[in-house]
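Chemist: After the structure tokens below, expect a handful of questions from me.
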């Protein structure tokens with residue numbers, strides 16, 4: 001009997017507590033794209049990536065040239081010279097692959113540079129989100145740009161602009177892919193309405 005009483009007392013208490021929780025969401029892609037320091041960091045990463053890719057392609061092109069030259073001359077070369085040239089090609093190819101791994105591999109230079117440039121910006125955004133959630137009494141803030149699926153999101157709970165304001169950036173300065181898709185949907189709806197009116 002005591003268990004039933006406790007259960008009848010606790011269930012409404014938990015139900016009330018669950019209803020009292022407030023939720024919000026942000027679009028981290030939108031927030032980051034509106035931050036000039038993020039765009040600058042991304043531009044630098046893109047430039048480094050292109051430079052490193054060219055460096056690697058140059059090394060692989062040199063290996064390819066060595067191999068083609070070797071194939072053209074192989075029939076005329078003595079065995080000891082052949083072996084030496086083959087070893088040279090293998091060493092140069094290994095050098096190119098090692099450089100590729102060093103630049104773009106797991107924990108490579110690009111990963112480290114991304115951590116160095118992007119992580120402090122993401123931490124700043126997270127801190128702003130945490131402050132807004134605490135000040136607004138929000139229990140949860142979801143990120144609609146990630147893999148989380150939001151089936152419906154009322155824009156009055158979107159805290160993305162609040163985060164940008166907190167960080168000192170002007171909201172809406174950059175249109176994201178989501179904004180562009182939304183504009184296209186609105187344009188299609190407008191065309192459908194116009195077509196129906198004309199009929």
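The values are calculated or read from the model by the stated rules, or taken from the named source; none is laboratory data. Given the structure is predicted, the values throughout are model-derived calculations rather than measurements. Glycine gets a Cβ as well: all are built from the backbone with ideal geometry, and neighbour counts include every protein chain shown.
Chemist: Mind checking which residues of region 142-158 are modelled with pLDDT under 85 and touching a helix residue (DSSP H, G or I) at 6+ places or on another chain (Cβ under 6 Å)?
Modeler: Correct list: 145 only.
Chemist: Quick one: in region 110-131, of everything that is over 28 Å from residue 48 (Cα atoms) and either out of contact with any strand residue (DSSP E or B) (no Cβ under 9 Å at 6 or more places or on another chain) or touching a residue at least 60 places away in the same chain (Cβ under 8 Å) (or both), which residue is surrounded by the most Cβ atoms within 10 Å (Cβ to Cβ)? Break it down stepwise before answering.
Modeler: Taking region 110-131 first, the residues over 28 Å from residue 48 (Cα atoms) are 127-131.
Retained after the next criterion (residues that are either out of contact with any strand residue (DSSP E or B) (no Cβ under 9 Å at 6 or more places or on another chain) or touching a residue at least 60 places away in the same chain (Cβ under 8 Å) (or both)): 127-129, 131.
Details: 127: 13, 128: 20, 129: 22, 131: 13.
Per the criteria, the residue is 129.
Chemist: Let me ask another. If I ask for residues that are within 17 Å of residue 141 (Cβ to Cβ) and part of a loop (DSSP other than H, G, I, E, B), which ones from region 16-72 would you list?
Modeler: 21, 27
Chemist: Of everything in region 93-109, what is surrounded by fewer than 16 Cβ atoms within 10 Å (Cβ to Cβ), modelled with pLDDT of 95 or more and more than 18 Å from residue 51 (Cα to Cα)? Give them in sequence order.
Modeler: 94
Chemist: Taking into account only those residues within region 40-57 that are farther than 11 Å from residue 103 by Cα and touching a helix residue (DSSP H, G or I) at 6+ places or on another chain (Cβ under 7 Å), which is surrounded by the fewest Cβ atoms within 10 Å (Cβ to Cβ)?
Modeler: It comes out as 44.
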